[in-house]
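Let me begin by presenting the structure, written as structure tokens, before commenting on it.
The values are calculated or read from the model by the stated rules, or taken from the named source; none is laboratory data. Computed from a predicted model, the values in this text were never measured in an experiment. Cβ sites come from the backbone with ideal geometry, for glycine too, and all protein chains shown count toward neighbours. What goes into the accessible areas is simple: the full protein's heavy atoms, side chains included, and nothing from ligands, DNA or RNA. Shrake-Rupley method; radii C 1.70, N 1.55, O 1.52, S 1.80 Å.
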Amino acid sequence: MSETDNKNRLFYGSCFALITTAFTFSIRAGILPQLGQEFNLTAEQLGFINSMWFLGFPISMIIGGLVYYSVGPKAIMQVALLSHAIGILLTIYAGGYWTLIISTLFIGFGNGCTEAACNPMIADSYSGTTMNKMLNRFHMWFPGGIVIGSLISKFMTDAGMTWQSQIWVLIIPTLVYAYLFWGQTFPKPKIEGQSSLAENFKAMISPVYIFLFVFMAFTAISEFGPQQWVNIVLNSSGVSGMVLLALTTGVMAVGRFFAGPIVKALGQTGVLLGGAIFTFIGIYLFSTVTGPMAYAAAVIFAIGVCYFWPVMVGAVAQRAPLSGALGMSIVGGVGMFSTSIWQPIIGGWIDDARAEALSQGLTGDALELAAGQETLTTMLFFPGILIVAFTIFFFWQKGKKPAVEAAH
């Protein structure tokens with residue numbers, strides 16, 4: 001097999017691993033109402049189950065970052081495969097709240113291994129603008145997979161199929177990525193010093209890295225907060241929550257596919273600032289509109305959050321390159337850890353908003369809509385912080401070339 005064929009197969013394997021991650025996100029969002037009914041769970045309990053997905057993710061990302069250069073991405077992806085398999089089977093045969101907690105933690109752990117292995121592997125395979133383009137095309141398959149998973153979940157739910165049968169679908173992309181990675185040669189680090197933990201930690205105390213570390217937490221919850229709860233929050237606004245999720249992530253997938261020229265034209269800092277503004281507008285519209293206008297809000301929100309994750313990871317790779325796989329994994333990990341913390345809090349906001357709406361005499365769809373819109377209004381805090389932060393970052397980094405770009 002030629003070097004090009006090997007590189008392509010590794011990239012496609014990475015994409016299918018991320019599709020698996022996306023399916024675990026979208027299909028789980030689709031079955032939340034069924035889980036709540038079958039096991040008599042509150043929104044806060046569903047929030048704690050969701051939080052395990054986001055908790056397992058950063059744990060394995062950080063561990064994977066620490067051992068990436070010693071055990072290699074192949075071993076990390078083998079752990080991902082095992083974790084995904086255990087998590088999927090435990091979910092299917094879950095008997096209640098605690099089984100769902102444990103199974104979701106395993107799935108999150110497998111998802112984090114995917115990011116820990118694939119992000120630095122792609123960064124080591126490509127350079128400069130091409131690296132930004134390929135990272136965005138890799139991350140395209142998270143929203144792309146959510147589109148597919150959301151539509152599968154909606155079709156299966158509308159057809160009266162069980163939530164267990166929906167979880168079985170996760171096996172398909174899992175087996176595909178296992179096949180594509182089988183027997184492949186993985187790339188070596190392209191920058192001297194990346195594999196040194198001492199150099200990694202030294203680079204991670206730089207002001208730029210610390211900034212990216214802190215505000216990755218806000219970009220992640222701005223993206224995942226509304227998305228994970230869309231099926232519960234917006235189903236009573238006169239539209240399908242899962243169709244909204246599919247539309248949002250579809251726009252994100254298209255945007256990430258064409259990310260190369262956009263990032264080149266606006267720069268990483270310009271893209272991040274613009275994203276924060278669009279995200280704020282999108283969430284605000286979600287909190288105020290009903291009916292078909294919710295689809296317009298979804299498009300604006302999608303444009304906003306589209307580039308957050310891949311551009312933040314790419315900024316670490318280019319602006320703090322000596323942080324290596326560990327630096328990329330920790331930044332990704334803090335994003336997921338933040339989201340894990342906020343999931344039950346958001347669930348609590350929904351419960352509180354429902355209680356308030358109930359005390360005002362609202363019932364049925366009117367109650368759910370009022371509670372959902374109140375919760376979304378509270379979520380405006382996250383992109384509001386980002387607008388301020390990324391305005392500072394834009395002027396701070398103006399005229400400075402990324403370290404890796406300068407080296408090429």
Exercise. Chymotrypsin sites (Phe, Trp or Tyr not before Pro) within segment 46-119: which are DSSP loop residues with at most 15 other Cβ atoms inside 10 Å?
Worked result: 93
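Residue 396 to residue 296: extension gain in nm, 0.36 nm per residue of separation minus the Cα-Cα distance?
Numbers: separation 100, 0.36 × 100 = 36.00 nm, distance 3.33 nm.
Extra length from residue 396 to residue 296 when fully extended: 32.7 nm.
Apply 1/(1 + (r/R0)^6) to the Cβ-Cβ distance of residue 254 and residue 78, taking R0 = 45 Å, and write down the FRET efficiency to the nearest 0.05. Show your work: numbers first, answer last.
Numbers: r = 33 Å, r/R0 = 0.72.
The pair residue 254/residue 78 has a calculated efficiency of 0.85.
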Problem set entry | Nonlocal Lys pairs with alpha-carbon distance under 17 Å, the chain (8 or more apart, or different chains) | 9
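Counting only protein heavy atoms and a 1.4 Å probe, tell me what percentage of the chain's accessible area is made up of carbon and sulfur. Spell out each step's value before the answer.
Numbers: 10580 of 15390 Å².
Accessible surface attributable to carbon and sulfur in the chain totals 69 percent.
How much accessible area per residue does segment 243-366 have, in Å², with a 1.4 Å probe?
Working: 4190 Å² over 124 residues.
Result: 34 Å² per residue.
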Exercise. If you plug each phi of segment 264-270 into the Karplus form 6.51 cos²θ - 1.76 cosθ + 1.60 with θ = phi - 60°, what whole-Hz ³J(HN,Hα) values come out, in order, with x for Gly and Pro?
Worked result: 5, 6, 9, x, 4, 5, x
For this session: Go through segment 333-345 residue by residue and turn each phi into a ³J(HN,Hα) via Karplus (6.51, -1.76, 1.60, θ = phi - 60°); whole Hz please, and just put x for glycine and proline.
Result: x, 5, x, 6, 5, 4, 5, 4, 5, 7, 4, x, 5
Problem set entry | Near-label residues of segment 15-49 by backbone N, under 14 Å of a point 7 Å along Cα→Cβ of residue 162 | 35, 38-39
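So how much slack lies between residue 198 and residue 182, counting 0.36 nm per residue of separation and subtracting their Cα-Cα distance, in nm? Before the final figure, lay out the partial values.
Values: separation 16, 0.36 × 16 = 5.76 nm, distance 3.20 nm.
Extra length available between residue 198 and residue 182 comes to 2.6 nm.
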